[in-house]
Amino acid sequence: MGQATALSYTDKAGQLRLEGFLVDIAGVEATTDPIELKRNSRDYFWYSPILQQMLKDKVADIVVRPRDEAEVVRVARACFKHRVALTVRGGATGNYGQCVPLDGGVVLDMAKLDRIEWQKPGLVRVQAGAKLFDIDAATRPNGFELRMHPSTKRASQIGGFVAGGSGGVGSVTFGGMREPGNIVAARIVTVEEEPRIIELRGDAAQKISRAYGTTGIITVLEMPLAPAQAWIDVIVTFDDFIEAVRFGQTIAMADGIVKKLLSPVQWPAPQHFTAFRPYIPDGKSVLNAMIGDMSMESFETLLGATSGTITYKAASEDILGKTPLYEHAWNHTTLQMLKGDRGVTYLQCLYPHDRLVESVAEVGAKFGDEVLQHLEFIRLNGYMTASGIPIVRYSTPERLYEIMAGYEACGIMIANPHVVTLEDGSRYKRVDADQLGFKHEVDPLGLLNPGKMRSFVAEAI
Ligand SMILES: Cc1cc2nc3c(=O)[nH]c(=O)nc-3n(C[C@H](O)[C@H](O)[C@H](O)COP(=O)(O)OP(=O)(O)OC[C@H]3O[C@@H](n4cnc5c(N)ncnc54)[C@H](O)[C@@H]3O)c2cc1C
């Protein structure tokens, strides 16, 4: 952690810094109301019993709500001048305390920067605080939609998804956010004596991808779009989970079939899918899918070679007030289960593409009902594979780590979701070198989201 944030805001010197900070941002909406501070210092870290203990008492000293980029610059300048930590907050749906202010200081709420600047065929330029749901609602009438979105589409912001997410519904076709071409450009504000506004284009935009807001405050993004499809939501039920995985893989590999979601979930997790429970007979594992209308016939033909049964098939209606099928995929699967059973937690993993089904069977045999398997088919570096968000019956941290080791022994990579740093949560156990170098340029004092990039050593003040 950088030296710049070593001082506690509760001591006299810390208080003086905050008072000076407030004077310098006069006119920008800000609050120190304790209830607001508490509410704006949390995300979905409570999924993890380990993070719940670690983060439950972390709280900001001020919440600031800029209206435009000029106000973001003022806040960044004042944070630098007074050496105040600055943690950016989007929709706050992250799972690892990404927007929790570990060192207190300022929480910068981006919700008011929500304007779509322009759109043209295949491309949209949008302020970082725009919700993904609103972006899709604006582009679909013009025949385009976001290439991918997390299952938290209704609550999360595009800036939060790019800075904190990895991929989601759509990644079965377009890969994760990190695939070249999935972010066209990002405009950021630096935290320096005189903050700069930098436009990162093409590959350079990856410097802010999943960096937890440690490498600049994103104010605008240019994102590529996909042709909008008439999606069909489908639930296919199977007696045998492995057969659901095999069929998911068949559809994933069928390049002619247009798809957005292929999500096999092992029974009994689907018994918690309340909105779709009437379509899921007891004891059945499911494949939740979103298939292009024009591909349904081919989908059903391939299904004919299996013992799977379609129990639900309807046009995808992404409207408020109706629970979408995609809220039973990705990390919503865990959430649906947690609603009825607080004794579980989860892991994140990546299956080997060349022995995917075998590795699923191996960990299944190893852990039985202690770990319910849930896969998401994705493209990764040109290969078709699956990430996984298994649901774990929680007992102790030690057992959780044993299960992770058991997964790794089967050749399945773990990205640990029970830690707060980029390095420890990464599949590669290190921070992206480009991002680390770039951080020195844009945040030399380490004021941005301190504690999240542990390889970074700040300049002395
Ligand atoms: C039920 C559930 C399901 C989920 N499903 C998925 C999924 O399918 N795929 C997936 O990838 N993730 C998923 N997540 C995690 C999370 O919802 C997504 O990553 C989401 O896109 C985060 O967006 P947000 O606006 O809520 O960001 P936040 O949680 O507010 O922030 C995430 C990170 O980005 C930083 N940040 C936010 N805005 C900016 C900005 N403008 N500039 C710089 N940094 C910024 C924050 O500081 C933080 O570090 C899920 C979480 C839950 C609880």
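The values are calculated or read from the model by the stated rules, or taken from the named source; none is laboratory data. Model, not experiment: these values are computed from the prediction. Counting neighbours? That spans all protein chains shown, and the Cβs are built from the backbone with ideal geometry, glycine included. Side chains included, ligands, DNA and RNA excluded: accessible areas come from the protein's heavy atoms. Shrake-Rupley method; radii C 1.70, N 1.55, O 1.52, S 1.80 Å.
Quick notes on this structure:
- Amide H to amide H distances under 5 Å link G167 with M177, where only residues 5 or more positions off or on other chains count and H is placed in the peptide plane.
- Cross-link check: pairs K284/K313; K120/K207; K339/K366; K260/K322; K153/K313 evaluated at a Cα-Cα cut-off of 23 Å; pairs beyond the cut-off: K120/K207; K339/K366.
- Per-selection Kirkwood Rh - the chain (Cα, Å, 1 d.p.): 22.7
- Amide H partners (placed H, <5 Å) of G91, local residues excluded: Q157, G160
- Where trypsin sites (Lys or Arg not before Pro) fall in DSSP loop in segment 76-177, at most 14 other Cβ within 10 Å: K112, R115
- Long-range tail of P(r) for segment 42-159 (Cα pairs > 18 Å, %): 57
- Ranking I197, I116, I208 from most to least accessible surface, computed with a 1.4 Å probe over the protein chains only, gives I197, I116, I208.
- Taking all protein chains as they are arranged and a probe of 1.4 Å, the heavy atoms of C349 leave approximately 10 Å² accessible to solvent.
- For segment 268-321, dividing the convex hull volume of the Cα atoms by the residue count gives 91 Å³ per residue.
- Segment 383-461: GluC sites (Glu not before Pro) in DSSP coil with no more than 15 other Cβ atoms inside 10 Å: E459
- In segment 368-461, the chymotrypsin sites (Phe, Trp or Tyr not before Pro) that fall in loop regions by DSSP, at most 16 other Cβ within 10 Å: Y428
- Stokes-Einstein diffusion for segment 323-461, with the hydrodynamic radius set to the Kirkwood value over Cα pairs and evaluated at 37 °C in a medium of 0.692 mPa s, equals 195 µm²/s.
- Summing charges over all other residues whose Cβ lies under 10 Å from the Cβ of D61, with Lys and Arg as +1 and Asp and Glu as -1, gives 0.
- Solvent-accessible area of the chain (1.4 angstrom probe, protein heavy atoms only): carbon and sulfur portion equals 53 percent.
- Taking every DSSP helix (H) stretch of at least 4 residues in the chain, weighting each as -39,500 (n - 2.57) and dividing the sum by the residue count yields a mean residue ellipticity at 222 nm of -8000 deg cm²/dmol.
- Calculated accessible area for segment 88-222 comes out at 31 Å² per residue, all protein chains present (probe 1.4 Å; ligands, DNA, RNA ignored).
- Sorted on the mean count of surrounding Cβ atoms within 10 Å across their residues, most packed first, peptides 305-317, 227-239 read 227-239, 305-317.
- The aspartates and glutamates within cross-link reach of K12, meaning a Cα-to-Cα straight distance under 14 Å and a gap of 8 or more places when in the same chain, are D61.
- Pairwise centroid distance, computed over Cα atoms, of segment 238-260 with segment 344-409, Å: 18
- Here, segment 166-271 has an Rg and a Dmax of 19.0, 62 Å when only alpha carbons are counted.
- Overall size of segment 69-223 from C-alpha positions, given as principal axis extents largest first: 47, 29, 26 Å.
- Gain on full stretching of the segment that runs from A138 to E459 - 0.36 nm per residue minus C-alpha separation: 111.2 nm
- Rounded D (µm²/s) - segment 228-356, Kirkwood Rh over Cα pairs, Stokes-Einstein at 10 °C, 1.306 mPa s: 105
- Volume per residue for segment 2-102 equals 106 cubic angstrom (convex hull of Cα atoms).
- Protein-only accessible surface order, largest first, of H418, H353 at 1.4 Å: H353, H418
- Entry note, the chain: relative contact order of 17 percent, from Cα contacts under 8 Å with a spacing of 6+ residues.
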